[in-house]
Amino acid sequence: MTEKEERILRKNVDDMQQNVETIQEMKIYNAMKKGIVEGKKREKRRIYTTGMGVVAAAAVALLFTYSTIGLPNKGVAQPSVQSASTKNTDNFKAYRSFSRLEPALASALEQNLVVPVGQSAENKGYRIDVTGAVTDGRKVYVLYSVQNNTDEVIIHADFELQFEGIQESPLHKGASLSMLASESRIQPGQSMDFIYSTNLSSSVKYPKKVNYNIILTETSDKALLSSSNKYRTSLDVAFELDPDMLKAQERMLDTDGTLTVDGQKIKVNQVQYTPLSTYVDLEYDQNNAKQIFQLINPVLISKKGDTVEKLYYPYIINSDNSEVYTDNSKFTLVFKNSKGSQQPDSVTLKAFGISAVEKDQMKIVVDLNKYQLIEAPGTGLELVTPKQENNVEEGEILLRRNLENAQYLEGSTRLAETFTDAKGKVHNRAPSTSSFSSYTTSKDGSAVNEFGYNFGANAKNYPQPLTITLEKYTNPIMDTQAVELYSINR
């Protein structure tokens, strides 16, 4: 499988995770969430991404995102007992043979950078063995297994890595859990291997002492609908993980370079090479006329003599998927680790465009009584006539967006939870039971995004037209540009 094919496959999985609601583990989580809400209402604390296994021959790890709303107080539950682990890691053989490892972890294993931890904890018939961990100060991975010595099927209900002395580590949103199996449920008498990962902030000095905690829950209806600690078990493993463990092998490329695409400026603050990944930290200029949501197909190009290395298809860290950033002006492109990063002759960042909207056009204006789209940014957005199977409610509209050059885009549109009528009064968006929401891509690079917005049953009586503020909008603008970040000839 080529890198491009793999990237497209990953994108299709991302699209799938937004639309497929029939996955059994999601049903389990929803049932558990309902029980917890009824029993104990607490502030929403974290957003996690939980791995959902491997699909058929393609071995695609399915992921979905959910918000925990606070599990039963850990302090009330019986604490786990920690001890040295007796588990044989076999040099992390199980992980090395897993075909869908993240490139950064695969690189760490290939270079033998994952350090053994060898600590375990037991509680109420469950055992966790933390076998290894690695971090480059920007990303952290914890490898562990869970042994179920009970008669009940169990799943993870919660998981987190806490650095000692940091009350709220910026680790929760976007933390991921994947497993080396076809599903996340652990059967009685069985063991399963897991990989926890999350992003770290480059501006935080993390201590060496960490604690990894998981909460396991039974999966019976009674257990999932209960708010009691009776069915949930907490296990904690404390160990040391030096955030500077790979410092000697890192290289920083400071730059004041600015990439200008479609007249919009994107400042490149720094490029950081580590044995795990290559990080490019960027910032949108606040004076830009357009709100930028994404760079289109950014490429990092390094040259050494006649050798050219091109790094494609980065993972993006931003305020939407990580607490590393608190606003949408800063973001990081995470490429795979560079083979020629030590002494390149030159380094260039290239992009083929941006997804952006004029800041004064960040809105959709609709007349409900005429069922007419008055104003929207870009082209290709239209109101769709509802069909019976759409199950739309009174005051709900359906929208369809046709996109070209969408093969490198993040397929998402986010609309504000409030809207404004013609006299300036602000109203809350009504919840929708409609299933009208999808994002589909074609082989020719085009895409169709369909979504709805529910103004509420009384919205037709409001002064028309009604204005929705856009929080995120896919609007590709193709403009190939590049900026040289470093050159030995300077």
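Structure values in brief
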| item | result |
| --- | --- |
| Proximal charge balance of Val357 [Cβ under 13 Å; K/R count +1, D/E count -1] | +1 |
| Ranked by how many other beta carbons lie within 10 Å on average, peptides 135-145, 349-359 from highest | 135-145, 349-359 |
| Options Ala376, Ala356, Pro386, ranked by Cα towards positive dipole end of segment 338-406, top entry (Cβ charges) | Ala356 |
| Rounded to the nearest 10 Å², the accessible area of Val153 at probe 1.4 Å | 40 |
| Among Tyr279, Asn318, Asn297 - extreme Cα towards positive end, dipole of segment 268-325, charges at beta-carbon | Asn297 |
| For Ile374, distant residues with modelled amide H under 5 Å away | Val365, Val366, Asp367 |
| Within segment 145-251, trypsin sites (Lys or Arg not before Pro) in DSSP loop having at most 14 other beta-carbon neighbours inside 10 Å | Lys205, Lys208 |
| Amide H partners (placed H, <5 Å) of Ala175, local residues excluded | Thr49 |
| Top positive-direction residue, dipole computed over segment 209-299 with Cβ charges, set Thr233, Gln270, Thr258 | Thr233 |
| 3J(HN,Hα) from dihedral phi, segment 118-130, Karplus parametrisation 6.51/-1.76/1.60, rounded to Hz, x for glycine, proline | x, 10, 9, 8, 10, 6, 6, x, 10, 9, 10, 10, 7 |
| Whole-number accessible area per residue in Å² for segment 154-224, which is evaluated in the context of all protein chains at 1.4 Å | 37 |
| Accessible carbon and sulfur surface of segment 384-475 relative to its total accessible area, %, 1.4 Å | 43 |
| Kirkwood-type radius of segment 354-476, with distances r between different C-alpha atoms, in Å | 14.9 |
| Within segment 273-377: Cβ-based charge dipole about Cα centre, in debye rounded to nearest 20 (Lys, Arg +1; Asp, Glu -1) | 380 |
| Charge sum, other residues only, whose C-beta stays under 14 Å from Lys87's C-beta, Lys/Arg counted +1 and Asp/Glu -1 | -2 |
| Total charge dipole magnitude, segment 234-303, about the Cα centre, Cβ charges on Lys, Arg, Asp, Glu only, Debye to nearest 20 | 440 |
| For segment 84-125, accessible area per residue (1.4 Å probe, heavy atoms of protein chains only), Å² | 53 |
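The values are calculated or read from the model by the stated rules, or taken from the named source; none is laboratory data. Source: prediction; values computed, not measured. So basically every Cβ, Gly included, is an ideal-geometry build from the backbone, and we count neighbours across all protein chains shown. Heavy atoms of the whole protein, side chains included, go into the accessibility calculation; ligands, DNA and RNA do not. Shrake-Rupley method; radii C 1.70, N 1.55, O 1.52, S 1.80 Å.
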